[in-house]
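Here's the structure, in structure tokens; my notes come after.
What follows draws every value from the coordinates through simple rules; no lab data is involved. From a predicted model like this one, the values you see are computed outputs, not experimental measurements. As a convention, Cβ positions derive from the backbone with ideal geometry for all residues, glycine included, and neighbour counts pool all protein chains shown.
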Amino acid sequence: MKAFDDSQSDVTVSVVSHGDGASVRTLAIDLLADKSVSKVIVTWNTPEAVQLPQNPRLIFIHNKAARGFGSNHNAAFEQCDTRFFCVLNPDVTLQTDSIGKLRDFTVLTGAAAAGPLVLSPDGTQEDSWRRFPTFFSLFLKAFGYDTTVINSIDISTKLQPDWVAGVCIFFDSNSFKDVAGFDERFFMYYEDVDICNRLWDAGYTVRAVPEAHVVHLGRRASRRNLRHMKWHLYSMTRYLIGNNSKGRELRHSKTQRRP
């Protein structure tokens with residue numbers, strides 16, 4: 001197992017830009033101001049001309065061809081030598097000490113992965129903490145009954161969702177490495193569900209961190225863009241077939257990770 005740096009500044013953050021240069025610039029400045037962040041790896045998935053600060057903690061990857069979510073973050077992880085690895089969407093605004101709170105919580109609990117409270121710009125909670133999907137839960141969701149969402153902003157509640165959204169996932173680096181990172185067969189969507197599933201199956205835990213807040217612009221491209229919708233359906237089908245609903249519900253019933 002690779003030995004990771006155990007200093008206080010021990011978080012590597014991976015951000016992938018798909019034409020999000022302006023947002024990436026703001027986010028990079030905020031991340032570089034965080035004392036817990038050791039390095040920020042920005043992947044330009046498509047060519048962009050953006051002026052970012054000159055800083056030795058800021059590393060760039062320029063893709064010759066566009067890659068998927070998991071592939072990009074796995075490539076960034078190859079340059080991670082810190083105890084923690086954080087995957088972060090470019091269209092996210094950090095709130096006070098978000099990364100530090102995720103770090104402290106993960107140190108305290110020993111979680112393999114953790115997700116902050118994700119808020120919309122209007123302050124409402126997004127559906128970033130969930131139970132694992134099954135064929136039945138998706139059937140109910142199609143009729144407006146989403147039974148997988150966990151809604152709570154009570155910071156006194158200890159939440160253990162089945163999975164947390166890829167908008168922001170804070171990983172213990174050794175745990176991420178142990179499950180071989182993201183499954184790159186998912187080009188986009190369900191990578192977060194899949195890796196959390198594999199972490200649980202490997203004996204690790206996934207936690208929600210209500211104390212840490214981020215604000216997400218939330219494009220929801222799969223609801224408006226036909227290509228993204230196809231990717232979403234393909235990834236959903238791949239996940240469900242690979243993780244049959246009967247087995248999923250059995251594990252779910254055996255691990256009632258509730259407050």
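Once the gyration tensor of the Cα atoms in the range 7-113 is diagonalised, the equivalent ellipsoid follows with semi-axes of 23, 15, 12 Å, ordered largest first. One decimal place: the segment VAL50-LEU108 gains 17.1 nm when fully extended, by the rule 0.36 nm per residue minus the C-alpha distance.
The calculated P(r) of the range 57-103, using every Cα pair and 10 Å bins from 0, goes 19, 51, 28, 3 in percent. Within the range 1-82, the trypsin sites (Lys or Arg not before Pro) that combine a DSSP coil assignment with at most 10 other C-beta atoms in a 10 angstrom radius are LYS2, LYS64.
What shape does the range 2-67 have by the C-alpha gyration tensor, where a ≥ b ≥ c are the square roots of the eigenvalues, rounded means a/c under 1.5, and otherwise prolate means a/b greater than b/c and oblate the rest?
Oblate.
Here the Karplus relation 6.51 cos²θ - 1.76 cosθ + 1.60, evaluated at θ = phi - 60°, turns the backbone of the range 162-170 into coupling constants of 6, 8, 10, 6, x, 3, 7, 10, 9 Hz, with x for every Gly and Pro. Beyond 17 Å, the tail of the calculated P(r) for the range 72-130 holds 50 percent of the Cα pairs. The label-point distance for HIS62 and ASP81, in a model that sets each label 7 Å from Cα toward Cβ, rounds to 2.4 nm.
Ordering of 120-129, 94-103 by packing is 94-103, 120-129, highest average first (other Cβ atoms within 10 Å, averaged per residue).
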